[in-house]
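One structure is given below, encoded as structure tokens.
All of the numbers you see were taken from the coordinates with simple rules; none came from a lab. From a predicted model like this one, the values you see are computed outputs, not experimental measurements. Note that we place each Cβ from the backbone using ideal geometry, even for glycine, and neighbour counts take in every protein chain shown.
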């Protein structure tokens, strides 16, 4: 496996990151959520103005570079009550999954969370995303609870909240 490097997303990276998210989501999520929900969520979560706003609000966005190529993305930031760091997004191209890239990304975010003084890392994952759930469990996350939340557009997020002590 080539070197894995994590680089902060800069303004000039935003379009490439948004495009990569579209590629990953459209290949990974059919069968988990509908095509209409995929498009709706991509439009809301990965619009360049959304990414810029999150960066301005202190959400960290990083590019996952494998062998010098953009192969994934992650974003993370403190939860609203300040009790934990939340891994908002972790998406990788299929070609780098199962090769330690996801584990390296989780370790990177966990280290950043520790540096910021947090002792817990939390995330939400779709209940039907069994491959991701297994990967998170392999990396020390446990399911804390199940939640269903409105996302808008008539869509819901049917997730597990998973927690990893740091």
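Just to check your reading of the model, which residue among 166, 92 is buried (at least 20 other Cβ atoms within 10 Å of the Cβ) and either under 22 Å from residue 46 (Cβ atoms) or touching a residue at least 40 places away in the same chain (Cβ under 8 Å) (or both)?
Working: 166 fails: buried (at least 20 other Cβ atoms within 10 Å of the Cβ).
Among 166, 92, only 92 is buried (at least 20 other Cβ atoms within 10 Å of the Cβ) and either under 22 Å from residue 46 (Cβ atoms) or touching a residue at least 40 places away in the same chain (Cβ under 8 Å) (or both).
For residue 81, are the conditions met, namely being surrounded by fewer than 14 Cβ atoms within 10 Å (Cβ to Cβ), within 22 Å of residue 161 (Cβ to Cβ) and free of Cβ contacts under 8 Å to residues at least 24 places away in the same chain? Break it down stepwise before answering.
Details: surrounded by fewer than 14 Cβ atoms within 10 Å (Cβ to Cβ): yes; within 22 Å of residue 161 (Cβ to Cβ): yes; free of Cβ contacts under 8 Å to residues at least 24 places away in the same chain: yes.
It is true that residue 81 is surrounded by fewer than 14 Cβ atoms within 10 Å (Cβ to Cβ), within 22 Å of residue 161 (Cβ to Cβ) and free of Cβ contacts under 8 Å to residues at least 24 places away in the same chain.
Could you list all residues from region 3-55 that are loosely packed, with under 13 Cβ neighbours inside 10 Å and in a loop (DSSP other than H, G, I, E, B)?
3, 10, 31, 34
Can residue 75 be described as out of contact with any strand residue (DSSP E or B) (no Cβ under 8 Å at 6 or more places or on another chain), closer than 20 Å to residue 24 by Cα and either touching a residue at least 40 places away in the same chain (Cβ under 8 Å) or outside any loop (DSSP other than H, G, I, E, B) (or both)? Full working, then the answer.
Numbers: out of contact with any strand residue (DSSP E or B) (no Cβ under 8 Å at 6 or more places or on another chain): no; closer than 20 Å to residue 24 by Cα: yes; either touching a residue at least 40 places away in the same chain (Cβ under 8 Å) or outside any loop (DSSP other than H, G, I, E, B) (or both): yes.
Considered against the rule, which asks whether it is out of contact with any strand residue (DSSP E or B) (no Cβ under 8 Å at 6 or more places or on another chain), closer than 20 Å to residue 24 by Cα and either touching a residue at least 40 places away in the same chain (Cβ under 8 Å) or outside any loop (DSSP other than H, G, I, E, B) (or both), residue 75 comes out as no.
Scan region 60-69 and give yes if some residue there is within 21 Å of residue 6 (Cβ to Cβ), in a loop (DSSP other than H, G, I, E, B) and in contact (Cβ under 8 Å) with a residue 40 or more places away in the chain, otherwise no.
Step one: of region 60-69, the residues within 21 Å of residue 6 (Cβ to Cβ) are 60-69.
If we keep only those that are in a loop (DSSP other than H, G, I, E, B) as well, we get 67-68.
Adding the requirement that they be in contact (Cβ under 8 Å) with a residue 40 or more places away in the chain leaves 67-68.
So far as region 60-69 goes, yes, one or more of its residues are within 21 Å of residue 6 (Cβ to Cβ), in a loop (DSSP other than H, G, I, E, B) and in contact (Cβ under 8 Å) with a residue 40 or more places away in the chain.
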